[in-house]
Amino acid sequence: MVAFESLAVTTVMPGVAEELGGVGLYALAFAAPLASGVVGMVLAGMWSDRSGPALPLVAALVALSAGLVVCGTAPSMEVLVAGRVLQGLGGGGATVVLYVIVGLVYPTRLQPSILASFAAAWVLPALFGPYLAALVADAFGWRWVFLSVVALIALSLIVLAPTLRTAPKGVEDADPPQLSRLWWAVAAGAGALGVKLLDSSLWLACGCLVVVLFGLSRLMPTGTMRLGRGLPSVIATRGLLSAGFFCAEAYIVFVLQEKWGIAAATAGLALTAVGVVWALGSQAQARLPKVSHTRVLVTGTSVVLLGVTLLTLVVWLEAPAPVAMAAYVLAGAGMGFAFPRLGVAMLQHSSDRDRGANSSALAAADSLSAALALAITGVVFARTEAAGADAFVAVYLVAIVCSAGAVVAAARTASPGAVRR
């Protein structure tokens, strides 16, 4: 359900922004659910540790459905962005609860395979999602791309019902909820959106950036911002990796349409290919349980950096479109290799007392870093385009910087004193 929604919306969003006259809010439409998702993640993590995962998951899916309905009926781009905020609250909460369930139910030796299966669940949506989204948008209108996902959520709840009735409960001695973390999540999410909304005022935008960075430092384990060894760098790697890759993904259909005149359905083939190679990369890392987390993560992040760098060069040189798509797919293979292992590394640093908190920190770093990067790219895109330069190249340069940071962080994910294999 998450896969269909993500790939479908990425495929149709350029057309949505054009129809609603909101191209200036294009990046914000992607950043909004990522920023608000941080609030849902923190809330779901605290809730799951205290009472178990069942109720938080149901609440998250209800919020996600409500957001999709708002988006599907939006009369303007501003209302659509508001719907995406609500959608993010639910989607972020559901993400954390799924990690909590994996940690509660499956032994450590099975967790790499279970998290790899999360990526495998993207294969069918990747194969058919972008094409179906373009087909539905052409035949019935883009609104049904959002509204149809509500039916998938209802189906998900029906399938999950027996499991949720017997889901493990929380632990009585779980760490008490830290409401300050929730307020910092709200402040950081609002700050990430403010970077884009206040781009006409450089000082206010910089102020929002400071709020986001300070909020991140409060939401993450101690030492994350300075890439401390072990869990802090695992969290930092997730954030930087997501920021780099999802900047590239948000603009891939856009750049293929604008620079090469490719139709949405054809451009969506790049998303399809990434879904497949992501799943293959995830399965590959699951077959390497004896290879250290650090080695797997350095390899995966380096491949993402290579793919994003090649994509930037292709866009700058205006090489053939298939080369741009191939570079993006290469980055997707690196994501598939590294992404699941980050979840495994986080769970191995966690106990029953803090599994929800650490899961929410990992997911919050993912979501908030990507939201901040997308907000920054929205500002960079607008200002570069106004200056008459290539706005897409400028956006992808931001993605390169984030991806390079992920490689550095990945090299520090081994616990202090751990022996690398």
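Report yes if G24 is assigned to a helix (DSSP H, G or I), within 18 Å of the chain's Cα centre (by Cα) and closer than 25 Å to S369 by Cβ, otherwise no.
no
Report yes if some residue within the stretch 274-293 is under 18 Å from L135 (Cβ atoms), open to solvent by less than 60 Å² (accessible area, probe 1.4 Å), touching a residue at least 40 places away in the same chain (Cβ under 8 Å) and in contact with a Pro (Cβ under 7 Å, 6 or more places away or on another chain); otherwise report no.
Looking through the stretch 274-293, at least one residue is under 18 Å from L135 (Cβ atoms), open to solvent by less than 60 Å² (accessible area, probe 1.4 Å), touching a residue at least 40 places away in the same chain (Cβ under 8 Å) and in contact with a Pro (Cβ under 7 Å, 6 or more places away or on another chain).
Exactly one condition in (1) open to solvent by 10 Å² or more (accessible area, probe 1.4 Å); (2) over 21 Å from the mean Cα position of the chain (by Cα) is false for G52; which is it?
Going through the list (1) open to solvent by 10 Å² or more (accessible area, probe 1.4 Å); (2) over 21 Å from the mean Cα position of the chain (by Cα), G52 breaks only (1).
Matching residues to (1) in a loop (DSSP other than H, G, I, E, B); (2) open to solvent by less than 30 Å² (accessible area, probe 1.4 Å); (3) farther than 28 Å from N358 by Cβ; (4) in contact with a Pro (Cβ under 6 Å, 6 or more places away or on another chain):
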residue: V69; (1), (2), (3), (4): no, no, yes, no
residue: A74; (1), (2), (3), (4): yes, yes, yes, no
residue: V81; (1), (2), (3), (4): no, yes, yes, no
residue: R84; (1), (2), (3), (4): no, yes, no, yes
residue: V97; (1), (2), (3), (4): no, yes, no, yes
residue: V102; (1), (2), (3), (4): no, yes, no, no
residue: Q111; (1), (2), (3), (4): no, yes, no, no
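Would you point out which residue out of A167, A119 is modelled with pLDDT under 80, part of a helix (DSSP H, G or I) and of a type in the set (A, V, I, L, M, F, W, C)?
A119
Tell me which residues, restricted to the stretch 247-275, are within 14 Å of V9 (Cβ to Cβ) and of a type in the set (V, I, T).
I252, V253
Could you tell me whether the stretch 143-164 includes any residue that is modelled with pLDDT of 75 or more, of a type in the set (F, W, Y), part of a helix (DSSP H, G or I) and within 17 Å of V12 (Cα to Cα)?
So far as the stretch 143-164 goes, yes, one or more of its residues are modelled with pLDDT of 75 or more, of a type in the set (F, W, Y), part of a helix (DSSP H, G or I) and within 17 Å of V12 (Cα to Cα).
Testing G21 on (1) open to solvent by less than 20 Å² (accessible area, probe 1.4 Å); (2) over 23 Å from A121 (Cβ atoms), one condition comes back false. Which one is that?
Result: G21 fails condition (1) only.
Would you check if there is a residue in the stretch 378-397 being open to solvent by less than 20 Å² (accessible area, probe 1.4 Å), within 20 Å of the chain's Cα centre (by Cα) and modelled with pLDDT of 90 or more?
Yes, the stretch 378-397 has at least one match.
Residues R341, R295: which one is among the basic types (K, R) and closer than 24 Å to V105 by Cβ?
Every option except R341 fails the conditions.
Taking the stretch 227-261, which residues are open to solvent by 20 Å² or more (accessible area, probe 1.4 Å), among the aliphatic types (A, V, I, L, M) and under 21 Å from F381 (Cβ atoms)?
L240
Given the conditions (1) open to solvent by 20 Å² or more (accessible area, probe 1.4 Å); (2) under 25 Å from A190 (Cβ atoms), which single one is not true for A404?
A404 satisfies all of (1) open to solvent by 20 Å² or more (accessible area, probe 1.4 Å); (2) under 25 Å from A190 (Cβ atoms) except (2).
Within the stretch 123-140, take every residue that is in contact with a Leu (Cβ under 8 Å, 6 or more places away or on another chain) and closer than 21 Å to A94 by Cβ and give me the one that is modelled with the highest pLDDT.
In this case the residue turns out to be A133.
Out of L216, L204, L209, L193, I need the residue that is closer than 29 Å to F337 by Cα and either at pLDDT below 80 or part of a helix (DSSP H, G or I) (or both). Which one? So that I can check it myself, show each step before the final result.
Numbers: L204 fails: closer than 29 Å to F337 by Cα; L209 fails: closer than 29 Å to F337 by Cα; L193 fails: closer than 29 Å to F337 by Cα.
Every option except L216 fails the conditions.
Which residue pairs have Cβ atoms under 7 Å apart, sit 6 or more places apart or on different chains, and have a first residue in the stretch 321-336 that is open to solvent by 10 Å² or more (accessible area, probe 1.4 Å) and a second that is β-branched (V, I, T) and assigned to a helix (DSSP H, G or I)?
Between residues of the stretch 321-336 that are open to solvent by 10 Å² or more (accessible area, probe 1.4 Å) and residues that are β-branched (V, I, T) and assigned to a helix (DSSP H, G or I), the close pairs are V323/V314; V329/V274; V329/V277; L330/V303; A333/V277; A333/V303.
Please pick out the residue among S351, S359, S369 that is modelled with pLDDT under 90 and within 18 Å of V408 (Cα to Cα).
Details: S351 fails: within 18 Å of V408 (Cα to Cα); S359 fails: within 18 Å of V408 (Cα to Cα).
The unique qualifying residue is S369.
Identify all residues within the stretch 1-15 that are surrounded by fewer than 22 Cβ atoms within 10 Å (Cβ to Cβ) and touching a Leu at 6+ places or on another chain (Cβ under 7 Å); write none if there are none.
Selection gives M1, F4.
The values are calculated or read from the model by the stated rules, or taken from the named source; none is laboratory data. A quick note: this is a predicted structure, and the numbers were derived from the prediction, not measured. Quick reminder, even Gly has a Cβ in these numbers, built from the backbone with ideal geometry, and neighbours come from all protein chains shown. Heavy atoms of the whole protein, side chains included, go into the accessibility calculation; ligands, DNA and RNA do not. Shrake-Rupley method; radii C 1.70, N 1.55, O 1.52, S 1.80 Å.
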